[in-house]
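In what follows, a structure is listed as structure tokens, so that the remarks can point back to it.
The values are calculated or read from the model by the stated rules, or taken from the named source; none is laboratory data. The shown structure was predicted, so the numbers you read here are calculated from the model rather than taken from an experiment. As a convention, Cβ positions derive from the backbone with ideal geometry for all residues, glycine included, and neighbour counts pool all protein chains shown. Heads up: the accessible areas ignore ligands, DNA and RNA and are worked out on the full protein's heavy atoms, side chains in. Shrake-Rupley method; radii C 1.70, N 1.55, O 1.52, S 1.80 Å.
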Amino acid sequence: MAMGEITIIRLGDRILVPIQVELHDRAARKLQEEVLANLERTGASGLIIDVSAVDIVDSFLGRLLVETARMARLLAAETVLVGMKKEVVMTILQLGMPMEGVCTALNLEDALALLDRLETPAGEDTPGEEVKP
């Protein structure tokens, strides 16, 4: 589903949101609303937000990303932020944004593997994974 400059892509039971442009506050809020509506409508179990093209995160966008992850969890979806540049990480730390409960990964492949681990209930075996006593 395209949303102006933002695309929401369905990957099986997960949603991928590649942010390819800098977002002003209104567009960021619209993104949050569309992502949450999509999670509610589809029942997706995972949300991947790719911020690798984002160079600058202000306090509003940083807070919004964290809020979106927390709201997604209330809708039974785990969230992984992917591709944060060092400048973005430094800004988030300097702004003192609480990132508890927000998972991160370097790339999409790592994010999918992380979601696989997060979505497997404790005690269940993952197919193809060796179980050690």
Subject >> the chain - mean residue ellipticity at 222 nm from DSSP helices (-39,500 (n - 2.57) per run, n ≥ 4, rounded to 500) >> reply: -13500 deg cm²/dmol
Original post:
Could you give the nm distance between label points at Ser59 and Asp25, where each point is 7 Å from its Cα heading toward the beta carbon?
Top reply: 1.1
Original post:
Taking only Cα atoms, what is the 0 to 90° angle, nearest 10, from helix 108-119's long axis to the longest principal axis of the chain?
Top reply: 60
Original post:
With every protein chain present, what is the per residue accessible area of the chain (1.4 Å probe, Å²)?
Top reply: 58
Original post:
What number comes out for the charge environment of Ala44, summing +1 per Lys or Arg and -1 per Asp or Glu over other residues with Cβ under 12 Å away?
Top reply: -1
Subject >> Stretch gain in nm, segment Leu74-Leu95, where the contour uses 0.36 nm per residue and the Cα spacing is subtracted >> reply: 5.1 nm
Original post:
Roughly to the nearest percent, how much of the accessible area of the stretch 1-111 is carbon and sulfur, given a 1.4 Å probe?
Top reply: 56
**OP:** For the chain, find the longest principal axis of its Cα atoms and tell me its angle to the long axis of helix 25-42, 0 to 90°, nearest 10.
**Re:** 30
Original post:
Between the helical axis of 59-74 and the dominant principal axis of the chain, each derived from Cα atoms, what acute angle in degrees is found, rounded to the nearest 10?
Top reply: 30
